[in-house]
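Worksheet for the structure shown next.
Taken together, the values in this text are just the output of simple stated rules run on the coordinates, not laboratory data. This one's a predicted model, so the numbers in the text were calculated from it and none came from an experiment. Please note: Cβ atoms are built from the backbone with ideal geometry, for glycine as well, and neighbour counts cover all protein chains shown.
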Amino acid sequence: MSCDHIATVKPQPPSAQGCEECLKMGGTWVHLRLCLSCGHVGCCDSSPNRHATRHFQHTKHPVMASFEPDERWAWCFVDEEAVDVPRAALPYLR
């Protein structure tokens, strides 16, 4: 399977340095994900609130990248597969 969604993303700067929703509600997270369509920062599925997945379910933005220091990988929620991080997103990662 090959993800065509990665070609459609237009990476944006991160909207926060932590999970937006968790910061607002005083919650905690395990790892962070950066939406490559809009820059939303959400928490991973190992976190109590799974805000990155909720963001995908609400917006249908297909690809999120790890927003952890020195990690360079992305995930397509639609195709359920790992994809390469586009070069345009690299300046926004940690």
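Annotation: peptides 41-50, 64-73, ranked by per-residue average of other Cβ atoms within 10 Å with the highest first, follow the order 41-50, 64-73.
In debye, nearest 20: dipole of the chain around its Cα centre with unit charges on the Cβ of K, R (+) and D, E (-)?
Magnitude of the dipole: close to 320 debye.
Think of it as helices only: each DSSP H run of n ≥ 4 in the chain is worth -39500 (n - 2.57), and spread over all residues that comes to -4000 deg cm²/dmol at 222 nm. Here the gap between R54 and V78, fully extended at 0.36 nm per residue and compared with their Cα-Cα distance, gives a gain of 7.3 nm. Computed log10 I(q)/I(0) for the chain at 0.16, 0.17, 0.19, 0.23 Å⁻¹: -0.55, -0.63, -0.79, -1.16, from the Debye equation with unit scatterers placed on every C-alpha and solvent omitted. Between L90 and H31, the contour length at 0.36 nm per residue exceeds the alpha carbon distance by 19.5 nm.
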